[in-house]
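Quick note: the coordinates plus some simple rules give every number you see, no bench work behind them. Given the structure is predicted, the values throughout are model-derived calculations rather than measurements. Cβ atoms come from the backbone with ideal geometry, glycine included; neighbour counts cover every protein chain shown.
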Amino acid sequence: MSKIKILVVPSDRTGVGKFRSVDPHVFLQNLYGDDFHVDIVYEPPYDDMSFWSQYQIVACHRSIGPDFEKANEIIKKLTENGIITIVDIDDYWMPGKEHPIHDIIKFNKINEKIVANLKVASYVTTTTNLFADEIKKFNKNVVVFPNAINPNEPQFKEPTLESDRLRIGWLGGSSHLHDLQLLDSPLGKITHLKDKLQFVLCGFDTRGTVTEINQQTGEHKKRDILPHETVWAQYEKIFTQNHSLISEDYKKYLLKYTQEKYPNELDESYVRVWTQPVTSYAKNYSKFDVSLAPIKNTMFNRMKSQLKVIEAGFYKKAIIASDLGPYTLDLKHCLNHGNFVDGNAMLVDENRNHSDWAKYIKKLVENPNMVKDMGERLYETVKDTYDLNTVTKNRAEFYKSLIK
């Protein structure tokens, strides 16, 4: 039997492309090279049908190239020529108003263009059954391939540093201000524990631009964003309670926004960790003991993947998460009337956001052995299901089923 030829068109070189396009198909080639020939091409010759026709399967993320409408035409043409098209999607197509790119997506109707591509694809792949049910309103051929971890990748094997403090970490991007604001008031209730705690904020980034509008002329002018204007500065105010948890010297250092090391930062109640590339960011899990995963109850958040759960699990970290959407899939609450029971996480009900984040952090300060126990249980939950070897095996079987 000849090899199945697959073309993969990632959506980027640095972000989601790694988890949803590149790593899964590199693994497919490496593990099942006798069955598949995989090419990964970022900028294919869009109008050259002789190029496309050499493949039996074409897989992309959201779109083939940056032009969604052009991609729609290509997908239709490929289908007409008997080529199976697979569009992968990992985020809901319409972020809520609180999301920084909501207005851009709405103005350019990108959400409608994404849905149009899903409709014409032979198959759609996504991250969770929750999201699959929503996608099936537009295309009934949906298959779930969850985000998965290569446990041998160096960034998931970093040894955890020792500390006398309980370190509470958050690792993410620049679109989570409304999620992290859920923590602001609760963290104010445990300031008396600052000598026993350390908050670790990972991903800090001061790059970017802002657009200023001249009110008289209407002229738009872009400039580099100033560090104190970034969302990361606002995140930092939440985790430091407006710098009240840290020494005056450390506050002065933080407000310089320099990447030079502060000599005694591990003695402080807060640590800033600058952004890392997608190939090494997960090493930051070695800097803390408990991962926080707060999300507001929005459609966009409910359709997200459980990647934070998976990453924390492979690092054997305890997790405190919002009890909704993707975090209900694998997590089981480990408290019953304040007593520890079987479970692998602490889950915060939406109606208890005002208090339970602080309550659960305090509980873990008082019960440090439970931190390790929760981490071990979470590891047992994720280690097989979300191992890239397992997911690749399922992907290989699916692709083979498409080629009779």
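Given the alternatives [x] 39, 26, 19; [y] 36, 30, 22; [z] 44, 25, 18, semi-axes √(5λ) of the Cα gyration tensor in Å as computed for this entry is given by [x].
Per residue, the average separation of C-alpha pairs within less than 8 Å and at least 6 apart gives the chain a relative contact order of 16 percent.
Between Y270 and F199, the built amide H atoms are under 5 Å apart, and every one of these is 5 or more places off in sequence or on another chain. The string of couplings for the range 165-174 from the Karplus curve (6.51, -1.76, 1.60, θ = phi - 60°) is 9, 7, 9, 10, x, 9, 10, x, x, 8 Hz, one whole number per residue in order, with x for Gly and Pro. Phi-derived couplings, Karplus 6.51 cos²θ - 1.76 cosθ + 1.60 at θ = phi - 60°, listed residue by residue for the range 112-121: 5, 5, 5, 4, 4, 5, 4, 5, 8, 5 Hz, with x used for Gly and Pro. For the chain, a Gaussian network of Cα nodes joined below 10 Å ranks H99, H192, H176 by mean-square fluctuation, and the top entry is H192.
Looking at the range 35-157, the DSSP beta bridges with both ends there are about 10 percent antiparallel.
The loop-placed GluC sites (Glu not before Pro) in the range 184-257, going by DSSP, that have at most 16 neighbouring Cβ atoms within 10 Å of their Cβ come out as E219. Taking a label point 7 Å from the Cα of R207 along the Cα→Cβ vector, which residues of the range 230-255 have an amide N closer than 18 Å to it? Output list for this probe position: 230-233. Applying both filters, DSSP loop and at most 12 other Cβ atoms within 10 Å, to the trypsin sites (Lys or Arg not before Pro) of the range 209-284 gives K256, K261. The H on the amide N of K5, modeled in the peptide plane, is under 5 Å from the matching H of H37, Q56, I57, each at least 5 residues off or on a different chain. Computed from backbone phi, the HN-Hα couplings of the range 51-65 come to 5, 5, 6, 7, 10, 8, 10, 10, 10, 9, 10, 6, 7, 8, x Hz, rounded to whole numbers (Karplus: 6.51 cos²θ - 1.76 cosθ + 1.60, θ = phi - 60°; Gly and Pro given as x). In this structure the amide hydrogen of D88, modeled in the peptide plane, comes within under 5 Å of the amide hydrogens of C60, H61, R62, T125, none closer than 5 places in sequence on its chain.
Mean sequence separation of contacting Cα pairs (under 8 Å, at least six apart), scaled by the length of the range 317-382, corresponds to a relative contact order of 41 percent.
DSSP beta bridges fully contained in the range 154-382 are about 25 percent antiparallel. Between K77 and K137, take the C-beta separation as r, use R0 = 25 Å, and let me know the FRET efficiency to the nearest 0.05. So, using R0 = 25 Å, E works out to roughly 0.50.
Using the Cβ-Cβ distance between E43 and Q216 with R0 = 35 Å, the FRET efficiency computed as 1/(1 + (r/R0)^6) comes to roughly 0.25. Shown here for the range 314-379: trypsin sites (Lys or Arg not before Pro) in loop regions (DSSP other than H, G, I, E, B) with at most 16 other Cβ atoms within 10 Å, namely K332.
Can you give the calculated 222 nm mean residue ellipticity of the chain, where each DSSP H run of n ≥ 4 adds -39,500 (n - 2.57) and the sum is split over every residue, rounded to the nearest 500 deg cm²/dmol?
-9000 deg cm²/dmol
Count Lys and Arg as plus one, Asp and Glu as minus one, and take only other residues whose Cβ is under 13 Å from that of E366; the net charge is then +4. Across the range 69-161, the relative contact order, built from alpha-carbon pairs under 8 Å that are at least six residues apart, equals 26 percent.
Rounded to the nearest 5, what % of the DSSP beta bridges within the chain are antiparallel ones? Mind showing how you got there, number by number?
Numbers: 8 of 50 bridges.
Of those bridges, close to 15 percent are antiparallel.
Report the Cα centroid-to-centroid distance between the range 222-253 and the range 173-200 in angstrom, as an integer. Each part's Cα centre sits 13 Å from the other's. Dipole magnitude for the chain: about 400 debye, using +1 per Lys or Arg Cβ and -1 per Asp or Glu Cβ, origin at the Cα centre.
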